[in-house]
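A short write-up of the structure that comes next.
The values are calculated or read from the model by the stated rules, or taken from the named source; none is laboratory data. Because the structure is a prediction, the values reported are computed rather than measured. Note: ideal-geometry Cβ built from the backbone for every residue, glycine included; neighbour counts use all protein chains shown. For accessibility, only protein heavy atoms count, side chains too; no ligands or nucleic acids. Shrake-Rupley method; radii C 1.70, N 1.55, O 1.52, S 1.80 Å.
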Amino acid sequence: KGFCRAPTSAELTDLAVARGRDLGGPAVANGKWRAALVAGSASELDGALGSLSDLFQRGKTKSLDFDAGVLLGAFDRLPRIGFLFPGQGSPVYADWGIWGRRFPLLRSLYGSAALSSQASTATEMAQPAICAASLAGLLVLDRLGIQAGLAMGHSLGELTAYHWAGAMGSGALLDLARVRGRAMAELPPHQGAMASIRADPAEVRRLAQECGLDIAAYNAPRQTVVSGRADLVEELLKRARAAGCAGTRLPVSCAFHSAMIEPAAKTLRAALECTAFDPLRRPIL
């Protein structure tokens, strides 16, 4: 703890990397305790370490203090893990970034993925890039010895879930993601949009019907996503805010999960019919 009172920013980063490299080592893998500290400066790290020490002194075995950046747990058995693979709307990266320096195995993946050299939310670029990022995440998790017992995918992520379950290799996954992205991008311009509304689902359904929009997803008890024409989405957001409901327009280029995207299904179906699938080896939802 004494060292952490005055390290430089570079030393602070080096310390974090050194601790990260311990992941998977015998001492960590066989240990009962887990602690994570979130700090952006020497003083924050010193404070977090002090809070951690105080927890031990008080006999505490668990803490999820996100404000203080202190997480602590003691477990007698391994947790059950499930993977959720994201769809479009997730961050889009054109290459491996800083991960490639920490995990060189990602360079081969991105070299064969042949992604666009520029990160973009444009559908035809975003979809294969998001699937590549999920593949990269799986490689890293496997390197750290983290395995899941089941998985599910959100929208585009359904393809990645089938890959994880053994239905197809990474090459077939990226090929289907490209077909899916192009099929949606090649639809006639329709000025589609999506928005997430924090309200009771019944209230969002009422607003969607009034504005002529589709319900795209029920993500949580008070988070429903609507999809359709951009001008109608803006009208719904206006009405939702007037009713005291928070709403956010999503950073996507199409009205996914709405009737406006249905013509792309024919192209995707043709590609799926030409893809050889293997029997699933793992369970997916």
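The table below lists the values:
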{"quantity": "Single residue of the range 195-218 satisfying the filter (among the charged types (D, E, K, R) and over 17 Å from ASP231 (Cβ atoms)) that is most open to solvent (accessible area, probe 1.4 Å)", "calculated": "ARG198"}
{"quantity": "Selected residue (only one of GLY212, GLY157, GLY169, GLY145 is free of Cβ contacts under 8 Å to residues at least 24 places away in the same chain, in contact with a helix residue (DSSP H, G or I) (Cβ under 8 Å, 6 or more places away or on another chain) and closer than 23 Å to TRP99 by Cα)", "calculated": "GLY169"}
{"quantity": "Complete set of residues in the range 31-46 that are farther than 14 Å from SER63 by Cβ and small (Gly, Ala, Ser)", "calculated": "GLY31, ALA39, GLY40, SER41, ALA42, SER43"}
{"quantity": "Matching residues, the range 146-173, being over 19 Å from PHE256 (Cβ atoms), open to solvent by 40 Å² or more (accessible area, probe 1.4 Å) and among the hydrophobic types (A, V, I, L, M, F, W, C)", "calculated": "ILE146, LEU150"}
{"quantity": "Odd one out for ARG143, checked against (1) farther than 24 Å from CYS131 by Cβ; (2) open to solvent by 50 Å² or more (accessible area, probe 1.4 Å)", "calculated": "(1)"}
{"quantity": "Single residue of the range 46-89 satisfying the filter (part of a strand (DSSP E or B) and open to solvent by 70 Å² or more (accessible area, probe 1.4 Å)) that is nearest to ARG249 (Cα to Cα)", "calculated": "LEU84"}
{"quantity": "Residues that are under 12 Å from ARG80 (Cα atoms) and not in a loop (DSSP other than H, G, I, E, B), drawn from the range 137-151", "calculated": "LEU150, ALA151"}
{"quantity": "Positions within the range 219-254 being open to solvent by less than 70 Å² (accessible area, probe 1.4 Å), in contact (Cβ under 8 Å) with a residue 40 or more places away in the chain and not small (Gly, Ala, Ser), in sequence order", "calculated": "VAL233, LEU236, LEU237, CYS245, LEU250, VAL252, CYS254"}
{"quantity": "Members of the range 39-68 that are touching a strand residue (DSSP E or B) at 6+ places or on another chain (Cβ under 6 Å) and under 19 Å from ALA16 (Cα atoms)", "calculated": "ALA48, SER51, LEU52"}
{"quantity": "Of residues in the range 156-171 being of a type outside the set (A, V, I, L, M, F, W, C) and closer than 17 Å to GLY82 by Cα, the one nearest to the chain's Cα centre (by Cα)", "calculated": "GLY157"}
